[in-house]
Every structure is written in C-alpha cells, then in structure tokens.
Amino acid sequence: MPPAKKKMVIDQVIQQIEHLPTLPHVVMRVLSMAESPKISAIELSKTMDQTLAAKVLKMANSAYYGGRERNINSIQHAIMIVGFEAVKEIILTTSFFHTFHDARDVQALQPLWQHSMECALIGKRLAWMYRYDSLDEAYLSGLTHDIGRLVIQQYFSDQYWEIEEKTKAGKDLVEAEKEVLEMTHADIGGKIAERWRFPANLVDSIAHHHDRGWTVNPVLGKILYYADQFILGRLVFPSMLEAFSQEGMNYPATWDASDLASVEQILQEEMGKAQSMFSLATDKSPKTNSSPSA
Ligand SMILES: [Fe+2]
Ligand SMILES: [Fe+2]
C-alpha cells in the first residue's frame, strides 16, 4: 500500500477508536474497589442500567454458578450467594460483552471472544499465584487485550483479509499488521484502553502484550503476556513457571510439587470454564473451538 494511503488508514483507525462505545461506568467502579473497599453492593447496582443489571443477575442465577433452584434478585443477594469475587467477574464480563453485543458480525468474533474470556480467567489465576495487588485488573486486561483485533476485523475488512492472507502464508500476525496498517492490534488496544480511561498500568499491559515493551508495570504486563502465550499453546505449564522465575517472579516458596499440580489442574479447569461463561455472557452457544493467533 502506498504511504499516503497507509497514513489515511491510520487516521481512519484513530477516528474509529473515537467512535467505539465506552464501557459501562460500573467497570471503573469495580476497578476502584481495591482503593475504596467500602463501595457497597448498592452503590455498584446504582451504576448499572436495568438491562445490564438484569444480565448480571441472570448469570448469577445460572446453573454455572450452581443456581438451579434459587432466585437471586439483587446484586447484594448475589454477593451473599456466589461471593464477591464471582460477582465482580460477572459484572466485568457482562459489561464487556454487553457493550459489543451488536457488533456487525458477532458469529465471526466468537473465537476472539472466547480467547479473551480464557485470558481473563487465566490472567486472574496467575495474578493470584504471583500475588499481584489487583486481581480485577488482571481479569480486565485479559478480557480486553485483543480489542484492537475487533476494530480491524469489524471496521477495516480489506486490511483484515490482507493480514489474514499474510498470516496464512506463515507471517507473524504482528508483523503482518505492521506491514498492512503500520500499527498493531496491541497499539490500537492501548489507544482504546486510554479512551476508556483505564489506569496507566492496564493501558501499558494491553499496548505491549506482544512486544513486551512495558514502561509502567511490568508485573501486570508479564501476567497478561504469559496468560496469552499459555492459551495460545506457546508455553506449557512447567516452562511457564520457569519463564516467570527467570524474570524474577516467584510463586510462594512454601508451595511443593502437589501444590503446583493443583494449580496446573485449576488452570486447565479455567480454560474449560471459559466456554460456559462466554456462552452465558453473550447468550450464545459458540460453535467453534478454533482460536485466534493473537
Ligand atoms: Fe494479541
Ligand atoms: Fe491474545
């Protein structure tokens, strides 16, 4: 593509980012809870519109959360029954998918959505394992890290197919994006995260989830990076631990081999959970297990 045309495409991408919907306010409320733990369930409910609140309660009542015969009818009730951690996950997940439920081609986005769901769940587990301060940040970074791919896929289909052709021919995804757009889905994701007013460490982790060029908080960046690599099958469990320790990050010293075996099992279970959670959050049953290379 000639340089002038590329410049035009970059401008269009930036414009498109400005027109993307913003995430519901409740997402930032959940994130700020680490600093203000006194935010109450009632306050959380007040920041959600009725449609979103109904979706959250529907998910909390689902069989997935063990709710076959109960009727959770408020956020406060949901916290009592399924626990605060689960309710925060439900709110973040539902808010994200609710924001993009009328994306142009939801069906084509399913592998990407499912991958994001897996990354949220695995990222949160890794954050817990490596004692990162905010599990919610890790969860949200996983959920949103490939949002730049949505922008390319939904709004720049010519470039999207050009990138697809290059990756099918064996080119690395990020390299292909640079050739076609002169920017990557991670660059685009970082700009979207800025527009959503995410904290700087979340913006940083999303913008650099491929090039590892973190400048704000490498710990969150590494958690997201390794969660992504693990899900894409580029790293298996023992070598992931090794890679973390080479970067100066260590799991609790008291853990023995059986603890690690349990963690490995938990990570595998989380991957399985992702599909059910995704179906619940989007009210759709994914047909395919194919995964993106992002
Ligand atoms: Fe990616
Ligand atoms: Fe990814």
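(1) touching a helix residue (DSSP H, G or I) at 6+ places or on another chain (Cβ under 6 Å); (2) modelled with pLDDT under 95: which one isn't true of His210, the others all being true?
(2)
Of all residues in segment 179-190 being assigned to a helix (DSSP H, G or I) and either at pLDDT below 95 or of a type in the set (Val, Ile, Thr) (or both), which is nearest to ligand 2 (Cβ to nearest atom)? Reasoning before the result, please.
First, the residues of segment 179-190 that are assigned to a helix (DSSP H, G or I): 179-181, 185-190.
Within this subset, residues satisfying the condition of being either at pLDDT below 95 or of a type in the set (Val, Ile, Thr) (or both) are 179-181, 188.
Numbers: Glu179: 20, Val180: 18, Leu181: 17, Ile188: 13 Å.
Out of the qualifying residues, it is Ile188.
Restricting to segment 126-148, what's the tally of residues that are part of a helix (DSSP H, G or I) and more than 12 Å from the chain's Cα centre (by Cα)? Explain how you work it out, then say what you get.
Filtering segment 126-148 down to residues part of a helix (DSSP H, G or I) leaves 126-129, 135-144, 147-148.
Narrowing further to those that are more than 12 Å from the chain's Cα centre (by Cα): 126-129, 135.
The total comes to 5.
Away from ligand 1 (no atom under 16 Å from the Cβ) and buried (at least 20 other Cβ atoms within 10 Å of the Cβ), is that true of Ile79?
On the way: away from ligand 1 (no atom under 16 Å from the Cβ): yes; buried (at least 20 other Cβ atoms within 10 Å of the Cβ): no.
So Ile79 fails the test.
Go over the candidates Asp133, Asp172, Asp158 one by one and state the one that is surrounded by fewer than 17 Cβ atoms within 10 Å (Cβ to Cβ) and within 16 Å of ligand 2 (Cβ to nearest atom).
Values: Asp133 fails: within 16 Å of ligand 2 (Cβ to nearest atom); Asp158 fails: within 16 Å of ligand 2 (Cβ to nearest atom).
After ruling out the rest, the residue left standing is Asp172.
Here is a check on your reading of the model: is Leu52 part of a helix (DSSP H, G or I), in contact (Cβ under 8 Å) with a residue 40 or more places away in the chain and in contact with an Asp or Glu (Cβ under 8 Å, 6 or more places away or on another chain)? Show your work before the answer.
Details: part of a helix (DSSP H, G or I): yes; in contact (Cβ under 8 Å) with a residue 40 or more places away in the chain: yes; in contact with an Asp or Glu (Cβ under 8 Å, 6 or more places away or on another chain): no.
In short, no.
Let's see how each residue does on (1) within 25 Å of Glu194 (Cβ to Cβ); (2) more than 16 Å from ligand 1 (Cβ to nearest atom); (3) of a type in the set (A, V, I, L, M); (4) out of contact with any strand residue (DSSP E or B) (no Cβ under 8 Å at 6 or more places or on another chain):
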{"position": "Gly83", "(1), (2), (3), (4)": "no, yes, no, yes"}
{"position": "Trp113", "(1), (2), (3), (4)": "yes, no, no, yes"}
{"position": "Met117", "(1), (2), (3), (4)": "yes, no, yes, yes"}
{"position": "Ala120", "(1), (2), (3), (4)": "yes, no, yes, yes"}
{"position": "Arg125", "(1), (2), (3), (4)": "no, yes, no, yes"}
{"position": "Met129", "(1), (2), (3), (4)": "no, yes, yes, yes"}
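Sort out which residues of segment 211-239 are within 16 Å of ligand 1 (Cβ to nearest atom) and open to solvent by 50 Å² or more (accessible area, probe 1.4 Å), and write them in order of number.
Here is the first cut: in segment 211-239, the residues within 16 Å of ligand 1 (Cβ to nearest atom) are 211-214, 220-235.
Of everything in segment 211-239, those that are within 16 Å of ligand 1 (Cβ to nearest atom) and open to solvent by 50 Å² or more (accessible area, probe 1.4 Å) turn out to be Asp211, Arg212, Gly233, Arg234.
Looking at segment 240-247, can you tell me whether even one residue there is exposed (fewer than 12 other Cβ atoms within 10 Å of the Cβ) and at pLDDT below 90? Write out each step before concluding.
So in segment 240-247, the residues exposed (fewer than 12 other Cβ atoms within 10 Å of the Cβ) come out as 242, 245-246.
Retained after the next criterion (residues that are at pLDDT below 90): none.
No, that holds for no residue.
Does Gln153 satisfy the criteria of being part of a helix (DSSP H, G or I), among the polar types (S, T, N, Q), more than 12 Å from ligand 1 (Cβ to nearest atom) and open to solvent by less than 30 Å² (accessible area, probe 1.4 Å)?
Working: part of a helix (DSSP H, G or I): yes; among the polar types (S, T, N, Q): yes; more than 12 Å from ligand 1 (Cβ to nearest atom): yes; open to solvent by less than 30 Å² (accessible area, probe 1.4 Å): no.
So Gln153 fails the test.
Of everything in segment 98-115, what is open to solvent by less than 10 Å² (accessible area, probe 1.4 Å) and closer than 18 Å to Leu31 by Cα? Give them in sequence order.
none
When segment 200-215 is examined, which residues are found to be within 17 Å of the chain's Cα centre (by Cα), in contact (Cβ under 8 Å) with a residue 24 or more places away in the chain and farther than 14 Å from Ser134 by Cβ?
Within segment 200-215, Ile206, His209, His210 qualify.
Among the listed residues Trp255, Trp214, identify the single one that is touching a Gly at 6+ places or on another chain (Cβ under 7 Å) and part of a loop (DSSP other than H, G, I, E, B). Lay out the reasoning, then the answer.
On the way: Trp255 fails: touching a Gly at 6+ places or on another chain (Cβ under 7 Å).
Step by step, each of Trp255, Trp214 is checked, and only Trp214 is touching a Gly at 6+ places or on another chain (Cβ under 7 Å) and part of a loop (DSSP other than H, G, I, E, B).
The values are calculated or read from the model by the stated rules, or taken from the named source; none is laboratory data. Because the structure is predicted, anything quoted here is derived from the model rather than measured. Cβ coordinates were reconstructed from backbone atoms using ideal geometry, including for glycine residues, and neighbour counts include every protein chain displayed. We work out accessible area using only protein heavy atoms, side chains counted, and drop any ligands, DNA or RNA first. Shrake-Rupley method; radii C 1.70, N 1.55, O 1.52, S 1.80 Å.
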